[in-house]
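The values are calculated or read from the model by the stated rules, or taken from the named source; none is laboratory data. Everything numeric in this text was worked out from a predicted model, so none of it was measured. Every residue, glycine among them, receives a Cβ derived from its backbone with ideal geometry; neighbour counts consider all protein chains shown. What goes into the accessible areas is simple: the full protein's heavy atoms, side chains included, and nothing from ligands, DNA or RNA. Shrake-Rupley method; radii C 1.70, N 1.55, O 1.52, S 1.80 Å.
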Amino acid sequence: MAFIEVENLSKTYTLRKKRAGHFTREKSQVKALDAMCFQVEKGEILGYIGPNGAGKSTTVKLLCGILTPESGSARVNGLIPWKDRKIHARQIGVVFGQRSQLWWDVPVIDSYQLLRDIYRVPEAQFTARLQELTGALGLAELLNTPLRLLSLGQRMRAELGGSLLHSPKLLFLDEPTIGLDAVSKLQLRDFLLHENQAHGTTIMLTTHDMEDISALCRRVLVLGHGKKLFDGALPDLLAKYDTQRVITLRYADGRGLPELPDHCLVSQDGQDHRIVYSPDHLPTAQLMAALQTAGPIQELTVQSQSIDHLIAAMYREMDL
Amino acid sequence: MKAYLSTFVMRWKMELQYRGAVIGGVVCQIFFGLILVSLYGALYRSKPQNLPLEAVASYVWLQQAFFRMLLSTDGELLDKIRTGGIAYELCRPIHLYGFYYARMLAQKLLGSLLRAAPMLAVALLLPRGMGLMAPVSLAALTVSVLGLLLGLLCVCALENITMALTMRTLDHRGVMAMLNLLMMFLAGNILPLTLFPDSWQRVITLLPYAQLLDTPIRIYTGQYALAQAPQALLIQLVWIILLVALGEWLWARHQKRLIIQGG
Ligand SMILES: Nc1ncnc2c1ncn2[C@@H]1O[C@H](COP(=O)(O)OP(=O)(O)O)[C@@H](O)[C@H]1O
Ligand SMILES: [Mg+2]
C-alpha cells in the first residue's frame, strides 16, 4: 500500500450569495475537487501544481483532515485524515504560506515550546531536533525575537521550523515561497532537500514557482478545475511543451539583424537581439548560418523557453 | 493536559504584553464606578430602599473591577476564524474546545486581575456608602472567591458558545453585540440584580448570566448568607456543566461542516 492513497476524492463547496437589496439567498456550488486519484510513495517529493482555484489547497486541507470530502476516499499511512484527525495530526506537518501558526507577539522559542507540549515531544528529542533545525534553517538569531519583528523570509523559516519540530513523516507545503526573495527561496529549497534525504520525509508541495518544482520534485501532478491533467516526471511534461528555442546574440560591431526566414519572433534590447523560433519549422543550423553570414558575432546563447512560459503554454492548451 | 496548560501560559504572556491598555481601562472603569455610586447615593437620599447603600456601592465596584471577565473577546482568535488561520489549529492533535477554553481562561483571568487589583484598592479607600465595604466575614470572602472562580469557568463556557456561533455566521459583530448586551444586563453590570423586583430576581438569579459575578458578589456582601452559599455554588456548577456540554456539542457539530476560508 502506498503512503498516500487518494481515490475518487471529490469536494464541493456550497456558496450562499446574498443578492444586494434582497433577502433571498442564491446557492451556488463549486466543484473544487473532482474524482481525484493519485498515490505517493514514502520519501517522495510531489509537486502539486495548477492555476489559481484549481483545487490544490482543497486537496491539502482534505489530506490534513481539516475538511471532510463529499465522496471518495483517502488514506495516509493507513489513516483516514478526517476520521482519525487527532492521531493523523501527529504524523503530518503543514505550512500554509499565507498564514501563521506562530504567536505574533511572543518570541519564536515560546511558540516552539508550546508546539512541543501540544505534540508531546520528549524534552531530549525536542532539544536535539531544535538544534538540528536551528542549524539547518539559520534560526539562531531569530529564536528570541517576537514574530512580528521578523522579515518575511525569516518568518517563513521560523514557520517551517515550527511545522517540523515533531518530526512528521509527511510535510504539506501550500505555497511556501510566496513573496520570498531569491536568497530565502534557495535556502528553503536546500533545507527541504536535506530534510527529505536525512529523514525520508515525504513532501507534497504546491507552488506557482516552477523553479521550486524543478529544484525539488522529480514528479509533478498537474490539476485544473479539480481534475488531474498530468501525473509524471517533470521532464516528460516539459518535453511536450518545450517546442521553442530562444537565441540571444550581439554582433561585434553592434549591427542589426539580417533578413531572417519566416517563423521567427524578433525583439531587441539595446544591441542584444532575441529570436524565438521553433526548431521543428526552422532548423537551428539554417538559422545560425543566416546569422553568421551577416557579420562577426560577439556573443550568442541558445536556450529553452523559461519554465514559466512552458507552464503557461500548457495551461493554455489544457484550456485552464 | 500539558498542551492546554501551556496554551494558558502562552495567552497569559500575551496578555501581559498589553499592560499599557490596563491603565486606560482602569481609569475608565473608576470613572463609571464613581458616577454610578454617586447616582445611587442621590437616589437613596431622596428615596431610601431596604437594601443597604454600602451593599449597592460594593456591588457596583465589584462589577466594574471584574468588567473584563465579562466583556473581553479574543480578537486574534476571531480573526483566525474569519480568515481561516484556524486551519493550523485543526491540524493539531488537540481538542479544539479545550484549546480555546484555555485561551479564554487566561485572558479573562489575567485581564480582570490586572484591573481589579488597583480598582479595588481605590474603592476600599472611598468613604462609607460610596466605596467597597469589607466582606461580611472571612468565611464569606473565601467562599466568594470560590464563587468568582466558578463564575470565571462559567463565562468561558458561555464565550465558547458565542465563538461556536460565530463560526457559523462568519460576521460575528451582530450576533456578538446582541449576546454581549444581554449578558451585561442579566449579569448585573448595567443595574445591580439586587435592585430588581423580588419576583424578577427569583428567575434572573437562576439564569447562567447571574452565575458569573452576581452570585460571588452577593456572598461577599452578605445578601446570600453563608448557609445559602452551598446551594448558590451548586447552581453555578450545574450551569458550568450544562454550558460546557452545549459548547462541546456545538463545536463538534460545526467542525464536521466546517469550511476554512482562503486558499
Ligand atoms: N471556503 C470556500 N467556500 C467556497 N468556495 C471555495 C472555498 N475555498 C475554495 N473555494 C473554491 O474552490 C476552488 C478551489 O480552491 P482552492 O483549493 O483554494 O484552489 P487553489 O489552492 O488551487 O488555488 C476555487 O474555485 C475556490 O473559489
Ligand atoms: Mg491555494
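Name every residue in the range B:43-79 that is under 25 Å from B:TYR18 (Cα atoms) and open to solvent by 50 Å² or more (accessible area, probe 1.4 Å), in order of residue number.
Those that are under 25 Å from B:TYR18 (Cα atoms) and open to solvent by 50 Å² or more (accessible area, probe 1.4 Å): B:ARG68, B:LEU71, B:THR73, B:GLU76, B:ASP79.
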Quiz item: Say we look at the range A:60-114 and pick out the residues that are in the same structural domain as A:LEU133 (by TED's automatic domain parsing) and of a type in the set (S, T, N, Q); which of these is nearest to ligand 2 (Cβ to nearest atom)?
Solution: A:GLN98
Practice problem: Scan the range A:114-123 for residues that are part of a helix (DSSP H, G or I) and either at the interface with chain B (Cβ under 7 Å from one of its Cβ atoms) or among the β-branched types (Val, Ile, Thr) (or both) and jot them down. | Solution: A:LEU114, A:ASP117, A:ILE118
Quiz prompt | Failed item in (1) in contact with a Phe, Trp or Tyr (Cβ under 7 Å, 6 or more places away or on another chain); (2) within 22 Å of B:GLY151 (Cα to Cα), with B:LEU113 passing the rest | solution = (1)
Quiz item: Only one of A:ASP190, A:ASP181, A:ASP209 is within 15 Å of ligand 2 (Cβ to nearest atom), closer than 17 Å to A:ARG157 by Cβ and either open to solvent by less than 20 Å² (accessible area, probe 1.4 Å) or assigned by TED's automatic domain parsing to the domain that holds A:LEU234 (or both); which?
Solution: A:ASP209
Quiz prompt | Residue satisfying condition, being buried (at least 20 other Cβ atoms within 10 Å of the Cβ) and either away from ligand 1 (no atom under 16 Å from the Cβ) or at the interface with chain B (Cβ under 8 Å from one of its Cβ atoms) (or both), within set A:GLY135, A:GLY65, A:GLY78 | solution = A:GLY65
Quiz item: Restricted to the range B:17-55, and to residues that are within 19 Å of the chain's Cα centre (by Cα) and in contact (Cβ under 8 Å) with a residue 40 or more places away in the chain, which residue is farthest from the other protein chains (Cβ to nearest Cβ)?
Solution: B:GLY33
Quiz item: Restricting attention to the range B:186-196, does a residue exist that is crowded, with 17+ Cβ neighbours inside 10 Å and farther than 16 Å from B:THR215 by Cα?
Solution: no
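Quick one: which helices (runs of 4 or more DSSP H) sit completely within the range A:131-233 and have at least 3 residues that are farther than 29 Å from B:PRO93 by Cβ, within 13 Å of the chain's Cα centre (by Cα) and not basic (Lys, Arg)?
Of the helices (runs of 4 or more DSSP H) lying wholly inside the range A:131-233, those with at least 3 residues that are farther than 29 Å from B:PRO93 by Cβ, within 13 Å of the chain's Cα centre (by Cα) and not basic (Lys, Arg) span A:210-216.
Restricting attention to the range A:39-48, report how many residues are more than 9 Å from ligand 1 (Cβ to nearest atom) and either surrounded by fewer than 20 Cβ atoms within 10 Å (Cβ to Cβ) or within 14 Å of chain B (Cβ to nearest Cβ) (or both).
5
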Quiz item: If you go through the range B:83-99, how many residues are more than 8 Å from chain A (Cβ to nearest Cβ) and crowded, with 19+ Cβ neighbours inside 10 Å?
Solution: 3
Quiz item: In the set B:LEU120, B:LEU113, B:LEU141, B:LEU132, which member is open to solvent by 10 Å² or more (accessible area, probe 1.4 Å), away from every other protein chain (no Cβ under 14 Å), within 30 Å of B:LEU226 (Cα to Cα) and touching a Pro at 6+ places or on another chain (Cβ under 8 Å)?
Solution: B:LEU141
Practice problem: Might you let me know whether the range A:196-205 holds any residue that is within 14 Å of chain B (Cβ to nearest Cβ), in contact with a Pro (Cβ under 8 Å, 6 or more places away or on another chain) and within 16 Å of ligand 2 (Cβ to nearest atom)? | Solution: no
Quiz item: Which residues, taken from the range A:7-33, are within 13 Å of ligand 1 (Cβ to nearest atom), out of contact with any helix residue (DSSP H, G or I) (no Cβ under 9 Å at 6 or more places or on another chain) and modelled with pLDDT of 95 or more?
Solution: A:SER10
Exercise. Could you please let me know if A:GLN154 is modelled with pLDDT of 95 or more and either of a type outside the set (Val, Ile, Thr) or open to solvent by 10 Å² or more (accessible area, probe 1.4 Å) (or both)?
Key: no
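Going residue by residue through the range A:38-46, is there one that turns out to be modelled with pLDDT under 95 and under 23 Å from the mean Cα position of the chain (by Cα)? Explain how you work it out, then say what you get.
Restricting attention to the range A:38-46, the residues satisfying the condition of being modelled with pLDDT under 95 are none.
Among the residues of the range A:38-46, not one is modelled with pLDDT under 95 and under 23 Å from the mean Cα position of the chain (by Cα), which makes the answer no.
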